[in-house]
Amino acid sequence: MPENRKLPFLDTKISLFDLQNLEKKGFFKTIFIELLKADKIKNVIPNELQINQTKQELCLKYNLEQLKNKKDNEFIIHNLNKEIYKLASLKKLSLDKFSSQAEKIFKIRKDYHYDQYFYSLLRNKNKSQIYEFYYQIESKESNINDLSKEHSSGSEKEKLGIIGPVNLININSEIAEILKTSKDSTINDPIEINNEWYLIQRENYKPAIYSEYYENQICLELLEKEIENEFKNEYLNFMNNKLNF
């Protein structure tokens, strides 16, 4: 086994000792994937719109506008511009490769991954009490939000029992089915989940509409998966020294 190994995509080598240290500290995968990304986008040129959109997204995410008038942050801004260009290039590459698949994937995932729901929740271990609350709500003597504030056992009571927006994929499957099949402002029959009794009232349903946002999101996800799979293959070959990097 050679003492040094050439890194993929770079005209440099790394000692086996340093390589083992990178692996132990969990950095090697990150570095390897960044090298794969850099190699993929080296000939990609994003257009001005893609660059500006990426810049706006980062500004919203990290509140970067405050850096503009600070001279001490010139170095940060310089590196930020490089990061914006890299992300815009990855976005362009992902769209070029996967945009034809994105809408089909969106339609498959839509109901559980992208549609959004708000609902009110009241939960308590006392079955009799939950049924009493249910009858009060049904008869309009009270409402689920006031009752949740006083009697719900979870943190939802701090927000009058209101939860959302949520995607069905991220919540309990029984609650998800109730939300999917219910109508707005209609209380559901009491249901037992994990030794607690639940009252659930769907408040609002917001169906997702295919857009540039979802196209970008799906295409970038597909690109990340492709890179992850390439990493697994390249890494295996790299560690076995089967490729002449």
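Each reported figure results from applying straightforward, stated rules to the coordinates on display, with no laboratory input. Nothing here was measured: the structure is a model prediction, and the numbers come from that model. Methodologically, a virtual Cβ is constructed for each residue, glycine included, from the backbone with ideal geometry; neighbour enumeration extends over all protein chains shown.
Observations, loosely collected:
- Compared with the alpha-carbon gap, the fully stretched path from residue 192 to residue 31 is longer by 53.2 nm at 0.36 nm per residue.
- Which of 148, 191, 165, positive extreme of dipole for the range 116-206 (C-beta unit charges): 165
- Within-11-Å neighbourhood charge of residue 115 [Cβ basis; K, R +1; D, E -1]: +3
- Assuming charge only on the beta carbon of Lys and Arg (+1) and of Asp and Glu (-1), the dipole of the range 116-206 about its Cα centre is about 200 debye to the nearest 20.
- Under the Debye formula (equal points on every Cα, no solvent term), log10 I(q)/I(0) of the range 116-206 at q = 0.18 Å⁻¹: -0.71
- Fully extending the segment from residue 103 to residue 135, taken as 0.36 nm per residue of separation minus the present Cα-Cα distance, adds 7.1 nm.
- Here the simple spin-label model places points 7 Å from the Cα toward Cβ, and for residue 233 and residue 173 these points are separated by 3.4 nm.
- With neighbour counts taken as other beta-carbon atoms within 10 Å, the residues 31, 227 rank, fewest first, as 31, 227.
- Lys, Arg +1 and Asp, Glu -1 on Cβ, resulting dipole of the range 165-245 about Cα centre, debye, nearest 20: 100 debye
- Residue (of 236, 201, 223) at the positive-pole extreme of the range 197-237, dipole from beta-carbon charges: 201
- Between residue 184 and residue 81, the contour length at 0.36 nm per residue exceeds the Cα-Cα span by 32.5 nm.
- Mean separation of Cα pairs under 8 Å and 6 or more residues apart, divided by the residue count, gives the range 116-206 a relative contact order of 43 percent.
- Spin-label pair residue 209/residue 47, simplified geometry with 7 Å Cα→Cβ offset, distance in nm: 2.3 nm
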